[in-house]
Amino acid sequence: MLTFRPAHAVDLPELEALQARASLAAGENVNDLISNPDAMVIPPENLSLSVVAEISGVVAGFCTILPTSLDGAEVDAVFVDPKAWRTGLGRALLLYAEQEILTKETRSLGVVSGRHAVPFYQSLGFRESGVVMTRFGPAVRLIKTLNSACDRPADPRAEQTE
């Protein structure tokens, strides 16, 4: 059974390990990530703005959304264990995080993504807005516009499946 919960400090080592597995499995910037393991460290202060997805009590993913202004926020992380890729977990996780973390004042949600995840974000209403340089090279910048509370996603718990 799929459940969501807030992230806690005790989750940090497990979430960092999951992030490393997912990042390396994605196949982008693998050598850079291996050479720079600090790139896969999660700042402890981000945990209060993170949600964890569990399948039958086992951590399967997490999402972090950070405020950037009074009306803007940034998806800092959506990581799903590679064993659960293409199951709808990432979608349910991001929708749940939007519901739980974003305020009614949030009008835009941004993300910087590698090419492999662009279709995922586009399927959730994000639109490409340019290319930005990151530590390991160019990445795609995407924005999702939220005009009102009506634009908030429906409660994703209704879509939960194993």
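State all residues of the range 113-128 that are surrounded by 15 or more Cβ atoms within 10 Å (Cβ to Cβ) and assigned to a strand (DSSP E or B); if no residue qualifies, say none.
Ser113
Got a sec? Which of Leu33, Leu24, Leu2, Leu15 is under 15 Å from the mean Cα position of the chain (by Cα) and surrounded by 15 or more Cβ atoms within 10 Å (Cβ to Cβ)?
Going through Leu33, Leu24, Leu2, Leu15 in turn, the sole match is Leu15.
Would you be able to tell me the number of residues in the range 3-28 that are in contact (Cβ under 8 Å) with a residue 40 or more places away in the chain, over 17 Å from Pro43 (Cα atoms) and in contact with a helix residue (DSSP H, G or I) (Cβ under 8 Å, 6 or more places away or on another chain)?
Total satisfying the criteria: 7.
Among the residues of the range 37-51 satisfying the criterion of being outside any loop (DSSP other than H, G, I, E, B) and under 15 Å from the mean Cα position of the chain (by Cα), which is farthest from Thr64 (Cα to Cα)?
Met40
When you check Glu100 against the structure, is it of a type outside the set (Phe, Trp, Tyr), in contact with a Phe, Trp or Tyr (Cβ under 9 Å, 6 or more places away or on another chain), at pLDDT below 95 and not in a strand (DSSP E or B), yes or no?
Yes, satisfied.
Just one of (1) modelled with pLDDT under 95; (2) β-branched (Val, Ile, Thr); (3) assigned to a strand (DSSP E or B) trips up Ile34, so point out which.
Exception for Ile34: condition (3).
Take the conditions at pLDDT 95 or above, out of contact with any helix residue (DSSP H, G or I) (no Cβ under 8 Å at 6 or more places or on another chain) and not aromatic (Phe, Trp, Tyr) and apply them to Arg127. Does it pass?
So Arg127 fits the description; yes.
Looking at Ile65 and the list (1) assigned to a helix (DSSP H, G or I); (2) within 12 Å of the chain's Cα centre (by Cα); (3) aliphatic (A, V, I, L, M), which single condition is not satisfied?
(1)
Residues of the range 93-112 being surrounded by fewer than 22 Cβ atoms within 10 Å (Cβ to Cβ) and without any contact (Cβ under 8 Å) to a residue 40 or more places away in the chain, which ones?
Across the range 93-112, the qualifying residues are Thr103, Glu105, Ser108, Val112.
Kindly indicate which of Phe62, Phe136 is on the phi < 0 side of the Ramachandran plot and surrounded by fewer than 20 Cβ atoms within 10 Å (Cβ to Cβ).
Phe136
Report every pair of residues separated by at least 6 positions or lying on different chains whose Cβ atoms are under 9 Å apart, first residue within the range 40-64 and more than 14 Å from Leu94 (Cβ to Cβ) and at pLDDT 95 or above, second part of a loop (DSSP other than H, G, I, E, B) and of a type in the set (Asp, Glu).
As it stands, the answer is Ile55/Asp81; Ile55/Glu162; Ser56/Glu162; Val58/Asp81; Val59/Asp81, since those pairs meet every condition given.
The values are calculated or read from the model by the stated rules, or taken from the named source; none is laboratory data. Keep in mind it's a predicted model, so treat the numbers as computed, not measured. Cβ: placed from backbone, ideal geometry, glycine included. Neighbour counts: every protein chain shown.
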